[in-house]
Amino acid sequence: MSKAIRVHAYGGPDVLAYEDVTVTAPGPGEVQIRQTAIGLNFIDVYHRTGLYPMPLPFTPGQEAAGVVTAVGDGVTSLKVGDRVAYGAGPIGAYAEVRNAPANRLLKLPDSISDETGAAMMLKGLTVSYLLRHTYKVKPGDTILFHAAAGGVGLIACQWAKHLGATVIGTVGSPEKAELARAHGCDHVIDYTKEDVAKRVREITDGKGVPVAYDSVGKATVQASLDSLRPRGLFVSFGNASGPVTGFDFSELAKRGSLYATRPSLGAYASTDEELADLSNALLEVVSSGKVRIDINQRYNLADVAQAHRDLESRKTTGQTILIP
């Protein structure tokens, strides 16, 4: 028997049950992984609450790292003993042992630890598509990134700076402001004290930014739209404060023919080739030291309910991992 987190009904953190599970031998095209570290992400909350519904019961979790312990028929890319990580599905990472499709796993180089691999995959792949495909950040661009001290934000600020951009980030406290600055954020706006759009206009001499990356949702959509220059792009990729509802497309016209998109990793990594493109870019910036992955919180897998509470109350910064 092995341990895993199971959700039998949607709800608060208390629905995360730590249970015994039976793991079968890996099927064709799969490998079995003994997991050593598991990443914590806000999408896990969306699955737990039913905002993003999953068939019940299910094991949450999108990213983890570990060691291959068995190989199914037809797998030639991996062998027993290989260190691997993943962040592009399928769901089920909150477990000591699991089976996963070999073609969705990334073999970790010696330069990247299991904990770093678990902490960087989903967030790093997200940043890879956001900055390189959703809007291709160029040298000289000035961009707005909300939740700059969060897991995705700290990676994005460093990566955007590496690409030659000036980064404006929003945070909710002086401590988070210092953290964002230490990770490449050129201008930090405390949204609890300052008018975000007004400060963006001041920083950009009234022009606005070409792109606003927004994972906060309901609380920041207005500030994002008001910060964009004409024909700018509003990138909504999360709902930390609640989903954006009743969106009025006439607001895009009022502000100068703005664009809006709701991207997802699944759409940008739908093929093995797309996943390899995102993964290789992530490995390069992390292995080279251009982007560092700081793990600021660790919880035992059995204590995942508390980890969810801390994540939802914005007590966490940077990357958080669960230890099986």
Nearest 10, in degrees from 0 to 90: the angle of helix 272-287 to the longest Cα principal axis of the chain is 80 degrees
Provide the convex hull volume over Cα atoms per residue for the stretch 99-177, in Å³.
128 Å³
Counting DSSP beta bridges with both ends in the chain, the antiparallel % (nearest 5)
55 percent
Segments 157-163, 99-105, 296-302, 309-315 sorted - mean Cβ within 10 Å per residue, highest first
157-163, 99-105, 296-302, 309-315
Mean projection of the alpha-carbon convex hull of the stretch 19-148 over all orientations, in nm²?
9.9 nm²
Full extension from A253 to D73: what is 0.36 nm times the residue separation minus their Cα-Cα distance, to one decimal in nm?
59.3 nm
Could you check the simple spin-label distance between I91 and T245, using points 7 Å along Cα→Cβ, in nm with one decimal?
2.1 nm
What Rg and what Dmax come out for the chain when only alpha-carbon atoms are used, in angstroms?
19.6, 62
Using the 2.2 N^0.38 Å rule of thumb for compact globular proteins, work out how the stretch 139-262 stacks up: its C-alpha Rg over that value, please.
0.96
With the chain treated as a Gaussian network of Cα nodes joined by springs under 10 Å, which of G256, G150, G87 yields the largest mean-square fluctuation?
G256
Part-to-part distance (alpha-carbon centres) for the stretch 91-141 and the stretch 187-223, which is given in Å
27 Å
Would you please report the Å³ per residue occupied by the convex hull of the alpha carbon atoms in the stretch 186-242?
76 Å³
Quick check on packing: order 206-216, 134-144, 73-83 by the mean number of other C-beta atoms within 10 Å, highest mean leading.
206-216, 134-144, 73-83
Assuming 0.36 nm per residue, please report the length gained on full extension of the stretch D205 to R231 beyond their Cα-Cα distance.
7.6 nm
All aspartates and glutamates inside 16 Å of K193 as judged from Cα atoms, apart from same-chain residues fewer than 8 positions distant
E175, E178, E202
Rg(Cα) / (2.2 N^0.38 Å) computed for the stretch 1-78, rounded to two decimals
1.23
Expressed to two decimals, the stretch 246-285 has a Cα Rg over Rh, using the Kirkwood radius, of 1.26
If you average over every viewing direction, what projected area does the convex hull of the Cα atoms of the stretch 223-318 give, in nm²?
9.4 nm²
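Laboratory data are not the source of any read-out in this text; all were calculated from the coordinates shown. Predicted model only: the values in this text are computed from it and were never measured. Positions of Cβ are backbone-derived with ideal geometry, glycine not excepted, and every protein chain shown enters the neighbour counts.
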